[in-house]
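In what follows, a single structure is set out as C-alpha cells and then discussed.
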Amino acid sequence: QVQLKETGPDLVQLTQTLSITCTVSGFSLTTYNVHWVRQPPGKGLEWMGAMWNGGGTDYNSAFKSRLSISRDTSKSQVFLKMNSLQTDDTAKYFCARQDNIGTTLDYWGQGVMVTVSS
Amino acid sequence: DIQMTQSPSSMSASLGDTVTINCLASQDIGNYLSWYQQKPGKSPKLMIYGATNLEDGVPSRFSGSRSGSDYSLTINSLGYDDEGIYHCHQYYEYPLTFGSGTKLEIK
C-alpha cells in the first residue's frame, strides 16, 4: 500500500540547517510527484515545494533561496533541506504524494515535528 | 498567490446535525479544490477532490459543492468521528494554498 514516512530531527538550533527525509513505498518517484507541506503549531498548512516525477523541482517563493529539495530514486527517498532556520520555522513537516500536476495531494506522511531552539 | 478564505474558524454541533463549511477563492480556480480532515496529531486525510468528488472510502454523508468562487463542504448526520479540523485547498495554481482551517467540535 501507499506509504510516506518523514524522518528528521526533533530539535534544530537557530540559524542552523534542517534536513528531513521522506521515504516512500507502494509507488515510484518516477511516476508520482512528492510535495512538502508544513504546519506550525495551531496554525494552517503551508506549501513549501515539490519534487516532480521527472526530477525537476518547484519552490514557494516565500522560502526564497533557503529551501532545497532533492531525491534518490534508488532508495525511494525525497529530501528537504532548509537553512538559516528561525523560531517561526517551528512546525510539523509533511511530505505528500500527487498523481500528476493537475491533481490534489492524495496521500500524506505522518509528519515530523521540528522545534527551532534559540 | 491565491487566497483561500475559510469560514467559520470553529464550530460546535450536535450528534446527527448537518453542518456546512465554506471556502472563498480570491480568483477563479475552477473545480481544483479539495477538502481534508485532520485529527489531532495526525496528517490531513483527503475527503473531497475536484470540488465535488468523494474520495474512495469516505462516507456519503460528506459532500462538496461549488457556486462560482464559493466552495462548501457539507457533513450530514454528524457523528463523533467527524470531529477534527477541516482544510480547503486549491491546486489550480502554484504556489498551492490552503484555507486557515475549521475546527469542528461535536457536542
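We did not get these values from a lab; they are worked out from the coordinates using the rules stated. This structure is a prediction, so every number in the text was calculated from the model and none was measured. Every residue, glycine among them, receives a Cβ derived from its backbone with ideal geometry; neighbour counts consider all protein chains shown.
Note that the range A:10-27 has calculated 3J(HN,Hα) couplings of 7, 9, 10, 7, 3, 6, 7, 9, 9, 10, 10, 10, 10, 9, 10, 8, x, 7 Hz, one per residue in order, obtained from phi through the Karplus relation 6.51 cos²θ - 1.76 cosθ + 1.60 (θ = phi - 60°); glycine and proline are x. Across 10 Å bins from the origin, how do the percents of Cα pairs in the protein assembly as shown run, short distances first? Percent of pairs per bin, in order: 8, 33, 35, 19, 4, 0. Between the beta carbons of B:ASN31 and A:SER65, assuming R0 = 35 Å, the FRET efficiency works out to 0.55 to the nearest 0.05. Per-residue mean of foreign Cβ neighbours for B:33-45 is 3 (Cβ atoms of other chains, 10 Å radius).
Between B:SER60 and B:LYS39, the FRET efficiency estimated from the beta carbon spacing at R0 = 22 angstrom works out to 0.65.
Cross-linked pairs A:LYS81/B:LYS103; A:LYS64/B:LYS103; A:LYS5/A:LYS43: Cα-Cα separations exceed 29 Å for A:LYS81/B:LYS103; A:LYS64/B:LYS103. Directionally averaged projected area (chain A, Cα convex hull): 6.9 nm².
Each part reduced to its alpha carbon centroid, the range A:22-43 and the range B:1-62 end up 20 Å apart. Within the range A:1-107, the trypsin sites (Lys or Arg not before Pro) that combine a DSSP coil assignment with at most 10 other C-beta atoms in a 10 angstrom radius are A:LYS64.
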